[in-house]
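Colleague: Submitted below is the structure of interest, expressed as structure tokens.
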Amino acid sequence: MHPMLTIAVRAARAAGQTIMRAYTDLDRVEVSAKGINDFVTSVDKEAEAAIVFQIRKSYPDHTIVGEEQGENRGTNKDYIWIVDPLDGTTNFMRGIPHFAVSIALQYKGKTEVAVVYDPVRDELFSAVRGQGAKVNDRRMRVTNAQDLNGTIIATGFPFKSRQHTQTYMAVLNEVFGQCADLRRAGAASLDLAYVAAGRIDGYFELGLKPWDIAAGDLICREAGGTVTDFTGGHNYLLSGNIVAGTPKATTALVKLMRPLLNDALKR
């Protein structure tokens, strides 16, 4: 196993243990608001601390960018760990058993290692660049969907970017008209992992952060999927607007979306 993948897995499982201990006693979890419809719990912070501790033990000079602590700069700028300690905080807070730990490692701007860990189901999705993707110890591949007909497409509502609601609903209407059904589960990292595992055929969402999608992006691509922004480009880690799926499903989604986008979403 890639040595940095070993550390990422160890860190993800440590965070998962922290999360599941708290999940059995949600009344004790402290919740505060970071912004409109954006919450952080004491568990997010504890899980991130557990991840940072595991990474720092082996790589004290690496830089770590986490959702809660921001940039934890190391002397080595080439290696950057991008961490979401609890993707799906709202699900967690409400007792909905669908959330994950997301950890990606970039080397000189390219994502090399990725782990998305679902502690409820004990499912570990992982990838190393150029070596494929796995769930636990099984290889994963995207489905062979050739278009949107008969597909299951996942999405996320733009609850932090409500200025785009009208455009988003227009896109959703068009997608629903062509696919078999839609899913909105509430954890972007798991949506991408589920594309990789062939459980869903495609996924789109807007207004995300790098820690939401950095790990799932590599896992999806290593399973044979295509990941783009809303215009078919590769700016999704910066824009936060992402489309992923089988190559042909992704192409079909982008083709459908492009004429409906407002100017802000074309960037």
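The values are calculated or read from the model by the stated rules, or taken from the named source; none is laboratory data. Predicted model, so just to flag it, every value in this text is computed and none were measured. Please note: Cβ atoms are built from the backbone with ideal geometry, for glycine as well, and neighbour counts cover all protein chains shown. Accessible surface areas use protein heavy atoms only, side chains included; no ligands, DNA or RNA. Shrake-Rupley method; radii C 1.70, N 1.55, O 1.52, S 1.80 Å.
Colleague: Whole-Hz ³J(HN,Hα) for each residue in segment 149-163, computed from phi via Karplus 6.51 cos²θ - 1.76 cosθ + 1.60 with θ = phi - 60°, x for glycine and proline: what do you get?
Modeller: Running phi through 6.51 cos²θ - 1.76 cosθ + 1.60 with θ = phi - 60° gives 4, x, 8, 9, 10, 9, 7, x, 6, x, 6, 9, 10, 5, 5 Hz.
Colleague: Looking only at segment 98-142, which residues have a backbone nitrogen under 12 Å from a spot 7 Å from the Cα of ASN76 in the C-beta direction?
Modeller: Correct set: 106-108.
Colleague: Please report, to two decimal places, log10 I(q)/I(0) for the chain at q = 0.07 Å⁻¹ as given by the Debye formula with identical point scatterers on the Cα atoms and no solvent.
Modeller: -0.22
Colleague: Let me know the Kirkwood hydrodynamic radius for segment 166-267, please, with Cα pairs as the basis and the value in Å to one decimal. Write out the running numbers ahead of the final one.
Modeller: Values: mean 1/r = 0.0752 Å⁻¹.
Mean inverse Cα-Cα distance, inverted, gives 13.3 Å.
Colleague: Check which residues have an amide H placed less than 5 Å from GLY150's amide H, if you skip close sequence neighbours.
Modeller: Residues meeting the amide H criterion: ALA180.
Colleague: Can you tell me the convex hull volume per residue for segment 145-212, based on C-alpha atoms, in Å³ to the nearest whole number?
Modeller: Values: hull volume 5.7 nm³, N = 68.
With only Cα atoms used, segment 145-212 gives 83 Å³ per residue.
Colleague: Which value, in nm² and rounded to one decimal, describes the direction-averaged projected area of the C-alpha convex hull of segment 79-172?
Modeller: On the way: hull surface 35.4 nm².
Directional mean of the projected Cα hull area for segment 79-172 stands at 8.9 nm².
Colleague: Work out the length of the dipole vector of segment 119-199 about its Cα centre, built from +1 on the beta-carbon of each Lys and Arg and -1 on the beta-carbon of each Asp and Glu, and round it to the nearest 20 debye.
Modeller: On the way: 11 positive and 7 negative charges, 50 e Å.
I would put it at about 240 debye.
Colleague: What's the local net charge at TRP211, with K and R +1, D and E -1, over the other residues with C-beta under 9 Å away?
Modeller: On the way: positive: LYS209; negative: GLU67, ASP84, ASP87, ASP212.
Around TRP211, the charge tally is -3.
Colleague: Sort all Cα-Cα distances of segment 1-142 into consecutive 10 angstrom bins from zero, then give the percent of pairs in each bin up to the one containing the longest distance.
Modeller: Using 10 Å bins, I get a P(r) of 12, 43, 33, 12, 0 for segment 1-142.
Colleague: Each residue of segment 245-255 in order: what ³J(HN,Hα) in whole Hz does its phi give by Karplus 6.51 cos²θ - 1.76 cosθ + 1.60, θ = phi - 60°, with x for Gly and Pro?
Modeller: Values, residue by residue: x, 4, x, 6, 5, 4, 4, 5, 5, 5, 4 Hz.
Colleague: So what does LYS108 come to for accessible area, using a 1.4 Å probe and Å² rounded to 10?
Modeller: Here the residue's solvent-accessible area equals roughly 130 Å².
Colleague: Quick one: net charge of GLY95's neighbours, Cβ under 12 Å, K/R +1, D/E -1?
Modeller: On the way: positive: ARG94; negative: ASP25, ASP27.
After counting each charged neighbour, the total is -1.
Colleague: Just to confirm my numbers, what's the Cα centroid distance between segment 156-180 and segment 1-75 in Å?
Modeller: 31
Colleague: Still on this structure, I have one more. So how exposed is PHE159, as accessible area in Å² (1.4 Å probe, rounded to 10)?
Modeller: Looks like 70 Å² after rounding.
Colleague: With contacts defined as alpha carbon pairs under 8 Å and 6 or more residues apart, what's the relative contact order of the chain in percent? Numbers along the way, then the final one.
Modeller: Details: 612 pairs, mean separation 42.7, N = 267.
Relative CO of the chain lands at 16 percent.
Colleague: Turning to a different aspect of this structure: Which stretch or stretches of segment 185-214 have amide N atoms under 11 Å from the point lying 7 Å from ILE96's Cα along the Cα→Cβ direction?
Modeller: Of the residues in segment 185-214, 185-188 have backbone N under 11 Å from the label point off ILE96.
Colleague: Per residue of segment 139-144, in order, report the coupling 6.51 cos²θ - 1.76 cosθ + 1.60 (Karplus, θ = phi - 60°) as ³J(HN,Hα) in whole Hz, putting x for Gly and Pro.
Modeller: With coefficients 6.51, -1.76 and 1.60, one gets 5, 10, 9, 5, 6, 9 Hz.
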